[in-house]
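Participant: Attaching a single structure in structure tokens format; questions to follow.
What follows is calculated from the coordinates using simple rules that are stated; it is not laboratory data. Everything numeric in this text was worked out from a predicted model, so none of it was measured. Because the Cβ atoms are built from the backbone with ideal geometry, glycine has one as well, and the counts that use them run over all protein chains shown.
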Amino acid sequence: MNTPRSGKVTVSITARRWPMSTARPPVRGVVTLSAAAVAAAALAAAFPAQAKVPQSMLGVTRHDLTDGDIRHWSLFCDPDGGTHPEARRACDDLRAVEGDLTLLRARYRSAHCVGGHTPVRVEIRGSWHGHIVGFHAHYPNAACPHGTAPSATLVPG
């Protein structure tokens, strides 16, 4: 198989007669394999990989300190996805603050906490556009992290 500079692939096949007593010529298997490789290369060129590596990857964890329940979600941004139920909204909120997780604590107000005392620990760790980021906080109950943006969408209910 030759590959000229033009990018076109040419396959040359040599035919040869073999005596009846001889097993199949070894060239046939090579030609079949080469043809399959050419077909696979053509398909790969026609359909390039669509998957992009996310620019930001975060792990979001909520630990209920009363009953020990631990929930974890993955959040990928640019492109948005992961196991987080509202990945797009959460990524939009993070983009609005340029990934500055310290604003979570600054925007937290106890007036938004309702309900009894069932403490939770929230932890967010990962990378945002190449920078390592992290956040953790204790709240009186699971409703508290949902009172203000951006934590309202970052920590699923």
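Participant: Give me the distance in nm between label points sitting 7 Å out from Cα along the Cα-to-Cβ direction at residue 141 and residue 64, one decimal.
Facilitator: Placing both labels 7 Å along Cα→Cβ, they lie 1.2 nm apart.
Participant: Note down the nm distance, to one decimal, between modelled labels 7 Å out along Cα→Cβ at residue 102 and at residue 117.
Facilitator: The two pseudo-label positions are separated by 3.1 nm.
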